[in-house]
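Participant: Let me give you the structure first, and then I'll get to my questions.
Please treat every number below as a calculation from the coordinates, not as lab data. Predicted model only: the values in this text are computed from it and were never measured. FYI the Cβ positions are ideal-geometry reconstructions off the backbone, even for glycines, and counts take in every protein chain you see.
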Amino acid sequence: MTSIPLEYYLILSAFMFSVGVTGVLIRRNAIVVFMCIELMLNSANLTLVAFSSFLGNPIGQVFVFFVMTVAAAEAAVGLAIIIAIFRNKLSVNIDEINIFKW
Amino acid sequence: MDLSFITESLYFVKPEIAASASIILLVLLDLIFHKNKTIIPYVALAGIIITGIFVVDQFNISGFAFLSTDNPKYGMIAVDNFGAFFKLIIIISSIFVVAFSAYSDEINKITDRLGEYYALIFGMILGMLVLISASDLILIYLSMELLSLSSYVLAGFTKLRDRSSEASLKYLLYGATSTGMMLFGISILYGLTGSTNLYIISAALQTQSLNLLTLAFSIILIFAGIGYKISSAPFHFWTPDVYEGAPISITAYLSVASKAAGFALLIRFIKTTFVTFVDDNGNWQLLQVFDWESLLIIISLLTMTLGNFTALWQRNLKRMLAYSSIAHAGYLMLGLLVFSNQGLIAILIYFTIYLFMNLGAFFIVMVIANKTGSEDIDDYDGLGFKSSFLGVSLAIFLVSLTGLPPTAGFIGKLYLFIALVDAKMLTVAIIALLNTVVSLYYYIRVLKHMFLTSPTEKTEKIPLNFGQIAVIIIMLIPILLFGVYFSPVVDLAKSYITILGF
């Protein structure tokens, strides 16, 4: 049985990262933008785990645990802030969040 | 199992332990004294001072804490004089921010959440202290997120104002995207070098032949994360919005402390990872794997030009100071791009002075906004006649931010430009000098409104109490003193540039 080569993981994670960045740039709903940011973090996780297994070095996998914890904390803070803005504006569309310009 | 290596490491992280203990203490006190929270600011101040004593205790101590298992010569935390200097800047600005918060009407209105406010400030302090001395990518990422998450919440702390929550959301989206990019860069750098420790990465970069294109890609992604923290172009778009919407005490804190931590990280990252040795003249020899010099010259000039030119048409003083702080990030980068000890000394001098002048300007804007409820430049008409002490102090801070003698801001800029000229970067120095001229216009415009426009019926006298006058005078003294008697700052900076490893 042959294992999946490293390149496959890297291509998948690069694709996920691109989807995440594109989503952040073009989506207008704050929650969807936030989900795309989570996608970026997870693509980095995939890269870390793939390299960790390829190099036979556990640091990458330890790093992934930290990243997952931070991502959870970030989601908690992020959703709280989105709720705060929804109470003020009754909308989470980032086109309408436009008091500050230039 | 032998735990001695942990107990030995704890000796090096005393300031961080004090900050963590303060977070827990503040949260508990918030629960215990839920009726009357007047005690909490004093506890926070005591916590900062204790942390500060441990930081001063670290001066002239160097060593690694939490040693790496791959190579026990290096560790996750590097304690050195350079870090201690930046930590002291963080501590001093934190003390000022507690004083600011005590006089801020925005914060004092929210009495029931005061405990959270100070606990989150300590979250930022802890994040910054760790960020300054972190020499491992895992720790850099974690402390950066700790700093960012605390500051997202603090930026939106007055959550019932829609401006504040908008600032918070914008900060969150920019911040999370930048740190996400940085994390992807870190994961590639880990894959290329097989380690997360900066010193081991540096050794790997010197010995192995790597794919330079991939390396450059990962470094630019990591720079996106750091550039967002120091608000350098093209990652500066959050700065004006967040600075305008956040409570002023937090704006002042972000503009000084958060930026100082970001710069400390940038300098440490470049110096430990990409500098092979420092020659006798103090010039750093960079590894030929990435063209840091061109990148930093372009970013620095772009940052200061964008900051200064956009500040020209701002009507809101807080927003104008935000663009001015972007421009100052550009000036500070000048000290880094010469890659010499002289440039590093100039950065330390500049930060010492920038701390006082920027906090001072924000404090006066806050005192005026407490009374008038506005930061609009038109509401400053004739202020110099009605409240002459405030007017003159703000004028001194703004002249110092421009960099004119006899204020300390001049000394800071002078050392930066001398470093540039010594490195034979005349073109860069001239563009930076022209930028200073541009900045004169928008700083002096405030003075014009205060002193050359006659007071309208809207202009009122701003009442000042003893404490506020004391805070302003404490910040004025260094600005005026260091402008004429600056050798102590220079000597101090010269002895605090040691970064571990060289």
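Participant: Please compute the average number of Cβ atoms from other chains found within 10 Å of each residue's Cβ in peptide B:145-154. Walk me through the numbers before you get to the answer.
Facilitator: Values: counts 7, 2, 0, 3, 6, 1, 0, 5, 4, 0.
Mean partner shielding for this stretch: 3.
Participant: When we measure straight from the Cα of B:Lys494, which lysines land under 24 angstrom away, once same-chain ones fewer than 8 places off are left out?
Facilitator: List returned: B:Lys87, B:Lys259, B:Lys271, B:Lys413, B:Lys424.
Participant: Less than 14 Å Cβ to Cβ from A:Lys89, Lys/Arg counted +1 and Asp/Glu -1: what total charge do the surrounding residues give? Display every interim value, and only then the final one.
Facilitator: Working: positive: A:Arg28, A:Arg87, B:Lys159, B:Arg161, B:Arg163, B:Lys170; negative: A:Asp95, A:Glu96, B:Asp162, B:Glu166.
Taking every Cβ under 14 Å from that of A:Lys89, the sum is +2.
Participant: Using R₀ = 51 Å, calculate the FRET efficiency as 1/(1 + (r/R₀)^6) where r is the Cβ-Cβ separation of B:Ile474 and B:Thr207; round to 0.05. Mind showing how you got there, number by number?
Facilitator: Details: r = 51 Å, r/R0 = 1.00.
It comes out at approximately 0.50.
Participant: Here's something else I'd like to know. Determine Rg/Rh for region A:28-93; Rg is computed over alpha-carbon atoms and Rh is the Kirkwood hydrodynamic estimate from the same atoms.
Facilitator: On the way: Rg = 15.5 Å, Rh = 13.3 Å.
Here Rg/Rh amounts to 1.17.
Participant: If you don't mind, there's one more thing I want to ask. Extending each Cα 7 Å along its Cβ direction at B:Phe309 and B:Val438, get the distance between those two points in nm, one decimal.
Facilitator: For the pair B:Phe309/B:Val438, the computed spacing is 0.5 nm.
Participant: What does the net charge come to around B:Ala78 if you take all other residues with beta carbon closer than 12 Å to its beta carbon, with K and R at +1 and D and E at -1? Don't skip to the end; give the middle numbers.
Facilitator: Details: positive: B:Lys73, B:Arg268, B:Lys271; negative: B:Asp80, B:Asp136.
Charge balance in the 12 Å sphere: +1.
Participant: While we're looking at this one, here's another question. What's the center-to-center distance, using Cα atoms, between region B:1-58 and region B:263-333 in Å?
Facilitator: Distance between centres, Cα-based: 33 Å.
Participant: Net charge near B:Leu337: determine it from the other residues with C-beta under 12 Å of the C-beta of B:Leu337, scoring Lys and Arg +1 and Asp and Glu -1.
Facilitator: Once all neighbours under 12 Å are counted, the net charge is -2.
Participant: Roughly how crowded by other chains is peptide B:160-168, in terms of the mean Cβ count from those chains within 10 Å of each of its Cβ atoms?
Facilitator: Numbers: counts 3, 1, 7, 3, 3, 10, 10, 4, 7.
The shielding value for this peptide is 5.
Participant: In degrees between 0 and 90, to the nearest 10, how far off the longest principal axis of chain B does helix B:408-422 point, with axes built from Cα atoms?
Facilitator: Long axis of B:408-422 versus the principal axis of chain B: about 30 degrees.
Participant: Binning every alpha carbon pair distance of region B:262-390 at 5 Å from zero, what are the percents per bin?
Facilitator: 2, 9, 15, 18, 15, 12, 9, 7, 6, 4, 3, 1
Participant: Related question: Can you give me the P(r) profile for chain B? Cα pairs, bins 10 angstrom wide beginning at 0, each as a whole percent.
Facilitator: 4, 20, 31, 27, 13, 4, 1, 0
Participant: Sort B:His34, B:His328, B:His449 so that the residue with the fewest other Cβ atoms within 10 Å of its own Cβ comes first and the one with the most comes last. Spell out each step's value before the answer.
Facilitator: Values: B:His34 10, B:His328 30, B:His449 20.
The order, fewest Cβ neighbours first, is B:His34, B:His449, B:His328.
Participant: Now a separate question. Given a Förster distance of 56 angstrom, what is the FRET efficiency for A:Ile4 paired with B:Glu460, based on the Cβ-Cβ distance and rounded to 0.05? If you can, show how the numbers build up before the last one.
Facilitator: Values: r = 72 Å, r/R0 = 1.29.
FRET efficiency, A:Ile4 to B:Glu460: 0.20.
Participant: Mind listing which trypsin sites (Lys or Arg not before Pro) in region B:90-190 are in a DSSP loop and have 12 or fewer other Cβ atoms within 10 Å? Walk me through the numbers on the way to the answer.
Facilitator: Numbers: sites: B:Lys109, B:Arg113, B:Lys159, B:Arg161, B:Arg163, B:Lys170; in loops: B:Lys109, B:Lys159, B:Arg161.
The qualifying sites are B:Lys109.
Participant: Ranking B:Trp313, B:Trp238 by Cβ neighbours within 10 Å, fewest first, what do you get?
Facilitator: Values: B:Trp313 10, B:Trp238 21.
So the ranking, lowest neighbour count to highest, is B:Trp313, B:Trp238.
Participant: Something else now. When only C-alpha pairs under 8 Å and at least 6 residues apart count, what is the relative contact order of region A:28-93, in percent?
Facilitator: Working: 31 pairs, mean separation 27.9, N = 66.
The normalised contact order for region A:28-93 reaches 42 percent.
Participant: If you average the alpha carbon positions of region A:4-64 and of region B:376-436, how far apart do those two centres end up, in angstrom?
Facilitator: Region A:4-64 and region B:376-436 have Cα centres separated by 44 Å.
Participant: What number results when the radius of gyration of region B:291-502, computed over Cα atoms, is divided by 2.2 N^0.38 Å?
Facilitator: Values: Rg = 17.9 Å, N = 212, 2.2 N^0.38 = 16.8 Å.
After normalising by residue count via 2.2 N^0.38 Å, the value is 1.06.
Participant: Still on this structure, I have one more. What does the structure give for A:77-83 when I average, per residue, the other chain Cβ atoms found within 10 Å of the residue Cβ?
Facilitator: Numbers: counts 9, 8, 0, 6, 14, 5, 2.
Per-residue shielding by partner chains comes out at 6.
Participant: Using Cβ contacts closer than 10 Å as the measure, can you line up B:Glu145, B:Glu457 from fewest to most? Numbers along the way, then the final one.
Facilitator: Values: B:Glu145 23, B:Glu457 5.
Least crowded to most crowded, the residues run B:Glu457, B:Glu145.
Participant: Same structure, new question: Throw me the Rg/Rh for the protein assembly as shown, computed over C-alpha atoms with Kirkwood Rh, two decimals.
Facilitator: On the way: Rg = 23.5 Å, Rh = 24.6 Å.
Looking at the protein assembly as shown, the ratio lands at 0.96.
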